[in-house]
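First the structure, in the form of structure tokens, and then the observations on it.
The values are calculated or read from the model by the stated rules, or taken from the named source; none is laboratory data. Since this is a predicted model, take the numbers as computed values, not measurements. When we count neighbours, we look across all protein chains shown, and the Cβ atoms used for this are built from the backbone with ideal geometry, even at glycine.
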């Protein structure tokens with residue numbers, strides 16, 4: 001056979017369908033995400049995801065949107081054109097309906113339509129533009145592509161027809177009816193889908209753009225939803241299947257904690273950084289972008305999770321803790337990129353870095369936020385599986401570096417190196433610090449971040465930075481002043497120049513005044529310290545003599561002080577060991593971490609008891625009221641409570657706010673739990689209620705209860721034990737009463753309770 005020059009062409013097997021369908025999109029949740037992205041890219045403001053049963057008993061998934069829809073030619077030239085993406089063309093041309101709605105495309109691979117095959121074997125596509133009278137209908141049987149791999153892909157027919165209108169009721173848009181589902185969907189899976197969709201859409205998606213609402217509709221779950229709504233502590237966004245899905249949880253953190261926002265301009269020339277603390281604006285800096293010029297139109301918002309923020313987040317999310325929700329999520333053009341931000345996922349090496357300096361650095365459990373990538377950032381390309389993030393490119397490396405250097409390190413300097421205003425003072429728990437009291441530290445932090453030759457502009461909270469509150473840290477102020485003068489001279493900012501001059505005069509006056517004060521107060525300070533030490537020693541002695549008259553007070557104090565010091569040191573070592581082991585892939589890691597957790601729990605208990613013994617006669621550690629319910633729930637959820645019991649918390653609609661010492665409440669819970677375990681109990685129920693004057697908490701267990709003919713009042717006496725197996729020392733209940741007395745509360749035993757043991761404590765509001 002004579003060979004001549006000619007052209008050849010590829011042939012495509014029908015097996016291609018699986019390669020770009022079920023093999024590519026292996027997760028049913030990802031499949032739905034892809035179809036929702038298609039609705040978003042079609043300019044839809046609403047998309048409904050329905051799980052229904054047909055009259056024949058078939059389970060169907062119906063996804064309907066009110067987007068632009070498709071005409072007949074669109075179906076032929078685009079939807080049926082495998083691997084063709086109109087979105088790529090729109091990116092190149094920058095001319096489409098998308099210019100009007102100000103949306104960038106979320107997907108551009110041209111294979112999202114094959115997500116339908118991952119969900120079910122049958123598909124009916126019904127679509128209509130606003131200019132058409134009839135709707136276009138396409139029917140696809142995906143199983144036909146699997147009969148014979150020798151068949152040409154293009155030879156498999158699909159059925160086309162027209163109908164009068166869209167079944168969704170929308171005047172335009174697209175409806176996908178997926179039948180012959182490949183997997184069933186349980187209620188838990190539907191809730192997982194809803195929670196995942198909450199994370200899927202960026203909180204920024206609706207800002208300045210066409211609104212985009214997702215509604216989950218499952219008629220068979222409405223009865224279960226109604227039953228769930230009748231329970232306490234329910235969050236409709238998380239615990240109810242049916243309903244519109246929102247993603248606004250991060251915004252609710254803002255008033256509770258510190259946040260930093262860093263953005264790269266659309267042209268990539270400038271970087272803007274802004275720091276806010278509990279709703280109070282601190283400062284912002286605009287600088288030239290030299291190092292990260294490969295990045296454009298990128299914004300990052302990160303919140304520091306202090307205790308208040310964690311409690312608020314848990315309350316808003318219906319009981320879920322931040323560590324189980326995630327950390328820093330990444331969004332591209334309004335949609336989340338998996339798996340960034342998932343619990344245990346650490347793309348930026350945050351936890352590895354923290355392990356190298358656990359006191360100085362923040363970990364994934366201490367921050368939460370989002371990274372938004374907008375525009376035509378074509379260097380950020382998802383992996384083929386759609387579930388493994390971005391393909392590694394120089395732009396991805398730059399993004400990671402930007403996050404660490406411009407976001408994480410700046411936030412760390414502020415929350416780690418500075419005193420957190422609004423938090424109780426360790427030396428005086430009854431008083432909190434105002435931002436004005438730490439203006440010097442803020443100035444130092446501000447100048448550290450502003451001292452750059454690339455600074456374009458500065459802005460700052462003049463009310464905070466100019467207050468006359470610079471009595472301390474004169475060395476830091478002197479250093480900061482020099483930096484401030486340098487920046488003020490370079491930028492010629494009139495406000496900064498004036499601030500620098502004012503601070504210089506104040507600093508000189510402070511230095512002179514401090515020298516005089518130090519000389520005058522040296523002698524009196526020594527005498528005062530000695531008197532305070534003697535007073536404290538007498539108070540400690542009196543405290544111990546109340547319960548242990550025959551003990552050597554000095555030896556007890558010294559012993560408890562040693563315990564306190566050792567357990568305090570062990571805290572850091574235990575945390576460091578946990579952080580060190582977390583990223584390791586070793587055998588029995590979970591078991592080892594659980595043992596370390598038990599050691600940590602025991603260490604904390606010993607620390608609290610030692611602290612109580614040393615400072616037993618101190619005043620309450622907080623002057624304001626806090627939610628007793630929130631604290632006890634958090635205490636149990638964090639694993640501080642004694643294990644071996646099932647804890648059941650019951651509450652009504654009240655807030656249960658009262659004055660209490662958190663460490664004492666922890667000791668009380670542990671003592672009650674310990675007694676319950678000794679009595680053979682498996683369940684400890686904690687019921688909260690309120691009166692006009694008190695918050696009342698009833699602890700009841702299913703143990704053996706009290707022996708007959710026991711005077712309940714004697715149970716609170718030192719050394720008296722009611723335990724039938726003689727496992728107790730007669731200290732626990734005595735200790736509980738002492739702690740309640742110190743908090744001006746009361747405690748009593750319910751003698752009428754015969755299913756076990758019941759203890760009732762009351763604290764004043």
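Residues in the stretch 37-64 that are modelled with pLDDT under 90 and within 20 Å of residue 185 (Cα to Cα): 54, 55, 56, 57, 58. Residues of the stretch 40-54 being over 15 Å from residue 202 (Cα atoms) and either touching a strand residue (DSSP E or B) at 6+ places or on another chain (Cβ under 7 Å) or assigned to a helix (DSSP H, G or I) (or both), which ones? Result: 42, 44, 46, 47, 48, 49, 50, 51, 52, 53, 54. Count of the stretch 131-143 residues, restricted to those that are surrounded by fewer than 17 Cβ atoms within 10 Å (Cβ to Cβ), in contact (Cβ under 8 Å) with a residue 60 or more places away in the chain and within 23 Å of residue 179 (Cα to Cα), is 0.
Taken over the stretch 625-646, residues that are over 18 Å from residue 696 (Cα atoms), modelled with pLDDT under 80 and not in a helix (DSSP H, G or I) amount to 7. For the stretch 332-362, the tally of residues that are in contact (Cβ under 8 Å) with a residue 60 or more places away in the chain, in a loop (DSSP other than H, G, I, E, B), over 23 Å from residue 310 (Cβ atoms) and in contact with a strand residue (DSSP E or B) (Cβ under 6 Å, 6 or more places away or on another chain) stands at 0.
Within the stretch 182-192, not a single residue is at pLDDT 90 or above and assigned to a strand (DSSP E or B).
I need the full set of residues from the stretch 90-138 which are farther than 27 Å from residue 153 by Cβ, modelled with pLDDT of 50 or more and either in contact with a strand residue (DSSP E or B) (Cβ under 7 Å, 6 or more places away or on another chain) or assigned to a helix (DSSP H, G or I) (or both), in order please. Scanning the stretch 90-138 gives 128, 134. Would you check if there is a residue in the stretch 149-156 being assigned to a strand (DSSP E or B), in the same structural domain as residue 36 (by TED's automatic domain parsing) and out of contact with any strand residue (DSSP E or B) (no Cβ under 7 Å at 6 or more places or on another chain)? Yes, the stretch 149-156 contains a residue that is assigned to a strand (DSSP E or B), in the same structural domain as residue 36 (by TED's automatic domain parsing) and out of contact with any strand residue (DSSP E or B) (no Cβ under 7 Å at 6 or more places or on another chain). On the stretch given as the stretch 161-202, residues that are under 18 Å from residue 29 (Cα atoms) and without any contact (Cβ under 8 Å) to a residue 60 or more places away in the chain total 8. Search the stretch 345-358 for residues being touching a helix residue (DSSP H, G or I) at 6+ places or on another chain (Cβ under 7 Å) and more than 15 Å from residue 327 (Cα to Cα), and hand back the single one that is modelled with the lowest pLDDT. Taking the candidates together, the pick is 358. Only residues that are at pLDDT 70 or above and crowded, with 17+ Cβ neighbours inside 10 Å were counted in the stretch 579-607, giving 3. Which residues, taken from the stretch 226-252, are more than 18 Å from residue 48 (Cα to Cα) and at pLDDT 70 or above? Selection gives 226, 227, 228, 229, 230, 231, 232, 234, 235, 239.
The residues in the stretch 647-664 that are modelled with pLDDT of 80 or more and either outside the structural domain of residue 747 (by TED's automatic domain parsing) or under 26 Å from the mean Cα position of the chain (by Cα) (or both) can be counted, and the count is 7. Considering (1) surrounded by fewer than 22 Cβ atoms within 10 Å (Cβ to Cβ); (2) in a helix (DSSP H, G or I); (3) modelled with pLDDT under 85, the lone condition that residue 365 does not fulfil carries the number (3).
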